[in-house]
1. For segment 197-208, check the following and say yes or no: at least one residue is touching a residue at least 60 places away in the same chain (Cβ under 8 Å) and open to solvent by 60 Å² or more (accessible area, probe 1.4 Å).
2. How many residues are touching a residue at least 60 places away in the same chain (Cβ under 8 Å) and within 15 Å of Gln179 (Cβ to Cβ) when one looks only at segment 31-90?
3. Which of the residues that make up segment 166-196 are within 23 Å of Val3 (Cβ to Cβ) and open to solvent by less than 20 Å² (accessible area, probe 1.4 Å)?
4. Tell me the residue from Arg60, Arg84, Arg105 that is of a type in the set (Lys, Arg), in a loop (DSSP other than H, G, I, E, B) and under 17 Å from the mean Cα position of the chain (by Cα), please.
5. Can you name every residue in segment 109-125 that is among the β-branched types (Val, Ile, Thr), touching a residue at least 40 places away in the same chain (Cβ under 8 Å) and open to solvent by less than 20 Å² (accessible area, probe 1.4 Å)?
6. For segment 37-53, name all the residues that are under 21 Å from Leu217 (Cα atoms) and open to solvent by less than 80 Å² (accessible area, probe 1.4 Å).
7. Filter segment 98-148 for residues that are closer than 22 Å to Tyr78 by Cα and acidic (Asp, Glu) and give the result.
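The values are calculated or read from the model by the stated rules, or taken from the named source; none is laboratory data. Source: prediction; values computed, not measured. Every residue, glycine as well, gets a Cβ built from its backbone with ideal geometry; the counts of neighbours run over all protein chains shown. We work out accessible area using only protein heavy atoms, side chains counted, and drop any ligands, DNA or RNA first. Shrake-Rupley method; radii C 1.70, N 1.55, O 1.52, S 1.80 Å.
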Amino acid sequence: MQVRIALTGNYQTGNVEIINLRGRLDFTASSGQNWVFKSQNASLYQEFYSVRADNDLFSRNYVYFRPHGQVYPFAIAYISKNYRRQIDFSYFAGGGLTVQLWRTRQNVIKLSAGGVYESTRFMGSTFNSERYNGSQTMVLGRVTTWLGGWHYLLDNRLRLYYDAFWQPAFSDATNYRWQFDVGVDFPIWRGLNLNVAYTYTHENIVILKVRRDDKLLTVGLSYNLRKNRVH
C-alpha cells in the first residue's frame, strides 16, 4: 500500500483578497502480484474578492491486472466537476493496455492506450461549436492515450513525476482534450516533501465564452506513506 497526500495554497487579504487551496490524494493498493488498484484525486478551490472562481474535483481510478509485466490490461474510471469550465458533472469509464517502456528502481516510463464511454452534464447549452448547441448533456466515446513516469534524481534527493493524456472523440475530430502535469518533490524529513506542481489543460469544445486553456502552478507540501505486508 502506498499513500501520497499533497496540500498547496495561498491566502491574501487587504488590498488584494485571494483564497487558493489545492489538494491531492494518491492511493495505491495491491493484493499479491495480480491485481493493483490506484486512485488519483485532486481538488481545487479559489476565491477572488469573495467571488468563487473554482470549485473542482478530478478523480482518476484504475484497476491493473499483472502490472509487473511488460504489457498488461487495465480498467479506468474518471469522475470530475469543473466550475470554471461550467461542467456540473462528468464521468467516463473504459479499458485498454499499458506498455512499460522503461522500468528500473529509479526510473519508470509507461505508455497506455484504450477507449472510454463518456457522459458530461454542463451548466449551459451554448457551445463554441454549433453541433452541440441545445443540450446540456454530451454523451460520446473517446480514444484515450496516456504517457507518464517518475524519476529519482540527485542520489534520491529529488523526485520528478509527470503524466499527459489526450482524448479525441470517435465521432468528431474537433472534440478533444489534453492535459499535462509535472511536479517535483524535494525531501524534507521522513516522507515529508516540498512540492512544486504545474498543470496545463486544454478542452477544445467548451461553453461559449469559456476559455479552452488553463494553467496552474502551485507550491506546497506532500507526504508519502508506504507500507509493505510480509506473508
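1. Residues of segment 197-208 touching a residue at least 60 places away in the same chain (Cβ under 8 Å): 197, 203, 205-208.
Checking the rest, the ones that are also open to solvent by 60 Å² or more (accessible area, probe 1.4 Å) come to 208.
Within segment 197-208 (the criterion being touching a residue at least 60 places away in the same chain (Cβ under 8 Å) and open to solvent by 60 Å² or more (accessible area, probe 1.4 Å)), the answer is yes, since at least one residue qualifies.
2. The total comes to 4.
3. Matches in segment 166-196: Asp181, Gly183, Asp185, Asn193, Asn195.
4. Numbers: Arg60 fails: in a loop (DSSP other than H, G, I, E, B); Arg105 fails: under 17 Å from the mean Cα position of the chain (by Cα).
It is Arg84.
5. Start the filter on segment 109-125 by keeping residues that are among the β-branched types (Val, Ile, Thr), which leaves 109, 116, 120.
Retained after the next criterion (residues that are touching a residue at least 40 places away in the same chain (Cβ under 8 Å)): 109, 116.
Val116, the sole residue that qualifies.
6. Going through segment 37-53, the residues under 21 Å from Leu217 (Cα atoms) turn out to be 40-49, 51-53.
Listed by number, the residues that qualify are Gln40, Asn41, Ala42, Ser43, Leu44, Tyr45, Gln46, Glu47, Ala53.
7. Glu118
A quick yes/no check of all residues on (1) of a type in the set (Gly, Ala, Ser); (2) at pLDDT 90 or above; (3) surrounded by 13 or more Cβ atoms within 10 Å (Cβ to Cβ):
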residue: Ala6; (1), (2), (3): yes, no, yes
residue: Gly9; (1), (2), (3): yes, no, yes
residue: Ala29; (1), (2), (3): yes, yes, yes
residue: Trp35; (1), (2), (3): no, yes, yes
residue: Asn55; (1), (2), (3): no, yes, yes
residue: Asn61; (1), (2), (3): no, yes, yes
